[in-house]
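The values are calculated or read from the model by the stated rules, or taken from the named source; none is laboratory data. All of these numbers come straight from a predicted model, not from anything done at the bench. For neighbour counting, all protein chains shown are included, and Cβ atoms are generated from backbone atoms with ideal geometry for every residue, glycine included.
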Amino acid sequence: MSETVEQVQNLIQQRYKAGFFTDIEADKVRAGLDEEIIAMISAKKNEPAWMLEWRLKAFHHWQTMKTPNWALLKVPAIDFQAIHYYAAPKQKNRPKSLDEVDPKLLETFDKLGVPLHERARLAGVAVDAVFDSVSVGTTFQKELKEAGVIFCSFSEAVQEHPELVQEYLGSVVPYTDNYFAALNSAVFSDGSFVYIPEGTRCPMELSTYFRINARDTGQFERTLIIAEPGAEVSYLEGCTAPMRDENQLHAAVVELVARKKAKIKYSTVQNWYPGDENGKGGIYNFVTKRGDCREDDARISWTQVETGSAITWKYPSCILRGDRSAGEFYSVALTHNHQQADTGTKMIHLGKDTTSKIISKGISAGKSNNTYRGLVRIAKRAENARNYTQCDSLLIGKTCGAHTFPYIESANATAKIEHEATTSRIGEDQLFYCRSRGLDEEDAVAMIVDGFCKEVFKELPMEFAVEAKALLEISLEGAVG
Amino acid sequence: MNDMLKISQLKVAIDDKEILKGLDLEVGPGELHAIMGPNGSGKSTLGYALAGRDGYDITGGSIEFDGQDLADMEPEERAAAGLFLAFQYPVEIPGVNNAYFLRSALNAQRKARGVEEIDGMTFLKSVRESLKQLKMDEALLKRAVNEGFSGGEKKRNEIVQMAVLQPKLAVLDETDSGLDIDALKLVAEGINRLRDGKRSFVVITHYQRLLDYLNPDHVHVLSGGRIVESGGEELARRLEAEGYGFLEESAA
Ligand SMILES: Nc1ncnc2c1ncn2[C@@H]1O[C@H](COP(=O)(O)OP(=O)(O)OP(=O)(O)O)[C@@H](O)[C@H]1O
Ligand SMILES: [Mg+2]
């Protein structure tokens, strides 16, 4: 490699297209984490007393906890007192409609390929856009309301639907669950809230776009989706952040509740800034995502494409409580340069005849490390539970690592658990075959990787599948040769 | 007229082991040359060296293709310049749609030549026609590249690719091996259809049978990394009857 600094810079710019910063005045609380800060966040959001109480309980619990260290990750010590826990673009009043949103913010989302106006109009996807700590606008409000669907920012839900929030908040991921969930519960600033009433199929895809913009801030969003009996919804989330030399913390919590015969499909394209080619900067992504198939015949499906972040620690899980409930996890996790990912899922079978399916595709390039960690637990009363796990790793180059940790705990002899795993290196013969037909090396790698991820991509809604594919290609630039 | 392919004193080494040891070959436009020779003599090595595979180091001599020196060209540049290699062992690419692969390859070549992309309908028409001529199931278009294809299907798929990509020079490495009698005839017809007086072919084979259909202009024997004998169709017939033994006798 004999590239000049400038060329390398250009390459990185190209590689991470979402790395720009929007210069907008921010309302930021002082750095640090204590009761006063939590009270300030709660006050800024004009929250009811029970909400603040809950936050403080979470905070006190968090203070008794230690950072988890069981993952195959090298996590530098995080100074929790150096982080600003709340930053919001200054707006005089909360915008009531998109027309009132600061044009600079709209422009930011345009640049990111999430034109709030257009997407709403053309694609028929309702979007909630979260910029640093707050939601800046949710599209399609009216149409959704007519269908009885509630899709709004979390803050708004606390104001407008406190009874729902109070009933379900923490019911899937209690604040005691883990270190980062406790932290999030104490300081979460915004996120999305979705409620689909009984027997309703959400008339459009819902999507949230998370953007970290301000410096030295953390992003702690919280998403809660409730699907009443027979309800159906497909929800997408995307995330980006500017390029910075410092690391930034993102610790989100997502809770899904699916009642009888309800279906929730949750898709993520995670493209937080991964750091530069020397491992400098990037987002630390510690996320707790869990779905509860609370009643019979409920169905929850997670699909994730994880290409960003310096560190990813994430295990979207399903609790299969209802009989015949089903959980699915489809994942593509790509690491390049010095990125580290420890990701997978947990399928907890509690009900009878429950099924789960896990398809995980890990791609490692550069000096990165990519770990799949999955747990399939069959409870004693879970008669005839079935799980199928397929876990494939693809290595690009010789300096990266792929690891697989499948944990199986079965307390019921009727369980059927199948596990398949493969590890392969991107074949020189495959590359040469492609190139001999006229494809250049990068296109050839992209095509082979795309083929490798096929089973996961086909689970993504069309629009997102195209985006995910493009993202992989960009993320892999310079991975070979 | 210039040669389509002019190989002079070519030496190729794999891992410092010299496989081709001074090979000469000239193929004119529109000509079809057959290369025969014992197992391990370097026939596939020649094909790979022509197509530019990594690890096949040219340690001496030169390859000129359609007036260009191939030495410094990447495999994809050679493809765009009109060189095609049908693999002895076509490679499987799981999850990559066969039609999509071929169309992407064609468009990559067109782009490199400054020609606009082919539209979907025209492409489909052309690939369907080729499939039909080779009596291949259209379902193969929707499957992953070569994945789970039978041996014969893989070979025929190479010919479909050749027909769609329309190269100037096609090097076919044992495309006839593993084909049943009917498929062999279809493949030979596929090759003959593309013979237009300009396009050239280098056909590597072990069997007389394919050559009976193709009527090669020249037949060469490659042995020990060199062309040791050249002639017309009668050479192929003699090899079929006598084996390679007589070469050693004449060399002795
Ligand atoms: N990667 C490699 N490393 C070392 N030796 C190699 C390698 N590839 C090929 N060879 C050797 O080069 C020689 C020529 O091989 P090649 O495949 O060109 O023969 P061939 O004439 O095509 O034979 P066949 O008729 O069996 O297809 C053989 O001795 C083979 O073992
Ligand atoms: Mg061979």
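Taking the stated definitions as given, is A:Glu441 of a type outside the set (S, T, N, Q), within 13 Å of chain B (Cβ to nearest Cβ), surrounded by fewer than 19 Cβ atoms within 10 Å (Cβ to Cβ) and within 25 Å of the chain's Cα centre (by Cα)? Steps first, please.
Details: of a type outside the set (S, T, N, Q): yes; within 13 Å of chain B (Cβ to nearest Cβ): yes; surrounded by fewer than 19 Cβ atoms within 10 Å (Cβ to Cβ): yes; within 25 Å of the chain's Cα centre (by Cα): no.
In short, no.
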Fill in the blank from the handout: Here the residues within region A:253-307 that are touching a Cys at 6+ places or on another chain (Cβ under 7 Å) and in a loop (DSSP other than H, G, I, E, B) are A:Asn271, A:Trp272
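Could you please give the count of residues in region B:135-190 that are outside any strand (DSSP E or B), aliphatic (A, V, I, L, M) and within 16 Å of ligand 1 (Cβ to nearest atom)? Steps first, answer last, please.
Initial filter on region B:135-190 (outside any strand (DSSP E or B)): B:135-143, B:146-168, B:174-190.
From what is left, the residues that are aliphatic (A, V, I, L, M) are B:136, B:139-141, B:159-160, B:162-165, B:179, B:181, B:183-184, B:186-188.
Okay, now just the ones that are also within 16 Å of ligand 1 (Cβ to nearest atom), so B:179.
Residues flagged as outside any strand (DSSP E or B), aliphatic (A, V, I, L, M) and within 16 Å of ligand 1 (Cβ to nearest atom) within region B:135-190 amount to 1.
Kindly provide the set of residues from region A:455-466 that are part of a helix (DSSP H, G or I) and buried (at least 18 other Cβ atoms within 10 Å of the Cβ), ordered by number.
So the first thing to find is which residues in region A:455-466 are part of a helix (DSSP H, G or I), and the list is A:455-457, A:462-466.
Once the filter is applied, which keeps residues that are part of a helix (DSSP H, G or I) and buried (at least 18 other Cβ atoms within 10 Å of the Cβ), region A:455-466 yields A:Val456, A:Phe457, A:Phe464, A:Ala465.
Do the conditions hold for B:Leu50, that is, is it touching a residue at least 12 places away in the same chain (Cβ under 8 Å), touching a Lys or Arg at 6+ places or on another chain (Cβ under 7 Å) and within 16 Å of ligand 2 (Cβ to nearest atom)? Full working, then the answer.
Details: touching a residue at least 12 places away in the same chain (Cβ under 8 Å): yes; touching a Lys or Arg at 6+ places or on another chain (Cβ under 7 Å): no; within 16 Å of ligand 2 (Cβ to nearest atom): yes.
In short, no.
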Problem - Residue match in region B:45-52 (condition: within 16 Å of ligand 1 (Cβ to nearest atom), aromatic (Phe, Trp, Tyr), closer than 30 Å to B:Ser150 by Cα and touching a helix residue (DSSP H, G or I) at 6+ places or on another chain (Cβ under 6 Å)) - result: no
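Is there a residue being in a helix (DSSP H, G or I) and of a type outside the set (D, E, K, R) anywhere in region A:62-70?
Of region A:62-70, the ones in a helix (DSSP H, G or I) are A:62-63.
Subsequent filtering for residues that are of a type outside the set (D, E, K, R) retains A:62-63.
Checking region A:62-70: at least one residue is in a helix (DSSP H, G or I) and of a type outside the set (D, E, K, R).
If a residue must be more than 14 Å from chain A (Cβ to nearest Cβ) and either of a type in the set (Asp, Glu) or closer than 14 Å to B:Tyr100 by Cα (or both), how many such residues does region B:138-152 contain? Give the derivation first.
Step one: of region B:138-152, the residues more than 14 Å from chain A (Cβ to nearest Cβ) are B:138-141, B:150-152.
Now restrict to residues that are either of a type in the set (Asp, Glu) or closer than 14 Å to B:Tyr100 by Cα (or both): B:138-141.
Residues that pass the stated criteria total 4.
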Exercise for the section: Among the candidates B:Leu25, B:Leu32, single out the residue that is more than 10 Å from chain A (Cβ to nearest Cβ) and away from ligand 1 (no atom under 16 Å from the Cβ). Expected result: B:Leu32
Exercise for the section: Check whether at least one residue in region B:216-232 is farther than 28 Å from B:Ile19 by Cβ and surrounded by fewer than 17 Cβ atoms within 10 Å (Cβ to Cβ), and report yes or no. Expected result: no
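Of the residues that make up region B:169-192, is at least one of a type in the set (S, T, N, Q), within 16 Å of ligand 2 (Cβ to nearest atom) and in contact (Cβ under 8 Å) with a residue 40 or more places away in the chain?
Restricting attention to region B:169-192, the residues satisfying the condition of being of a type in the set (S, T, N, Q) are B:175, B:177, B:192.
Keeping just the survivors that are within 16 Å of ligand 2 (Cβ to nearest atom) gives B:175, B:177.
The next check asks that each one be in contact (Cβ under 8 Å) with a residue 40 or more places away in the chain; those that pass are B:175, B:177.
Among the residues of region B:169-192, at least one is of a type in the set (S, T, N, Q), within 16 Å of ligand 2 (Cβ to nearest atom) and in contact (Cβ under 8 Å) with a residue 40 or more places away in the chain, which makes the answer yes.
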Fill in the blank from the handout: Expected output for region A:182-207 (first residue over 16 Å from A:Val158 (Cα atoms), partner polar (S, T, N, Q), Cβ below 6 Å, 6+ apart or cross-chain) is A:Glu205/A:Ser234
Problem - Subset of region A:266-288 (residues that are among the charged types (D, E, K, R) and in contact (Cβ under 8 Å) with a residue 60 or more places away in the chain) - result: A:Asp276, A:Glu277
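Would you confirm, using the coordinates I've provided, whether A:Ala252 is modelled with pLDDT of 90 or more, of a type in the set (A, V, I, L, M, F, W, C), surrounded by 23 or more Cβ atoms within 10 Å (Cβ to Cβ) and over 26 Å from A:Arg201 (Cβ atoms)? Give the derivation first.
Numbers: modelled with pLDDT of 90 or more: yes; of a type in the set (A, V, I, L, M, F, W, C): yes; surrounded by 23 or more Cβ atoms within 10 Å (Cβ to Cβ): yes; over 26 Å from A:Arg201 (Cβ atoms): yes.
When the stated conditions are applied, A:Ala252 passes them.
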Completion exercise
Conditions (1) farther than 30 Å from B:Ala170 by Cα; (2) touching a residue at least 12 places away in the same chain (Cβ under 8 Å) -> A:Val449 fails only (1)
Exercise for the section: Consider B:Leu83 carefully, then state whether it is touching a residue at least 60 places away in the same chain (Cβ under 8 Å) and within 14 Å of another protein chain (Cβ to nearest Cβ). Expected result: yes
Problem - Residue in region A:334-354 that is touching a His at 6+ places or on another chain (Cβ under 9 Å), in a strand (DSSP E or B) and at pLDDT 95 or above present - result: no
Handout entry: Matching residues in region B:54-87 - criterion: being modelled with pLDDT of 95 or more and within 16 Å of ligand 2 (Cβ to nearest atom)
Key = B:Leu85, B:Ala86, B:Phe87
Exercise for the section: Inspect region B:108-128 for any residue being away from ligand 1 (no atom under 16 Å from the Cβ), within 12 Å of chain A (Cβ to nearest Cβ), under 24 Å from B:Gly151 (Cα atoms) and of a type in the set (Val, Ile, Thr) and give the result as yes or no. Expected result: no
Exercise for the section: Give the residue that is farthest from the other protein chains (Cβ to nearest Cβ), with candidates limited to residues of region B:191-234 that are more than 16 Å from ligand 1 (Cβ to nearest atom) and part of a strand (DSSP E or B). Expected result: B:Gly231
Exercise for the section: Could you check B:Lys135 against (1) away from chain A (no Cβ under 12 Å); (2) of a type in the set (Lys, Arg); (3) buried (at least 21 other Cβ atoms within 10 Å of the Cβ) and say which number it fails? Expected result: (3)
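Kindly indicate whether A:Leu394 is in contact with a helix residue (DSSP H, G or I) (Cβ under 6 Å, 6 or more places away or on another chain) and of a type outside the set (Gly, Ala, Ser). Spell out how you get there, then give the answer.
Details: in contact with a helix residue (DSSP H, G or I) (Cβ under 6 Å, 6 or more places away or on another chain): yes; of a type outside the set (Gly, Ala, Ser): yes.
The answer is yes for A:Leu394.
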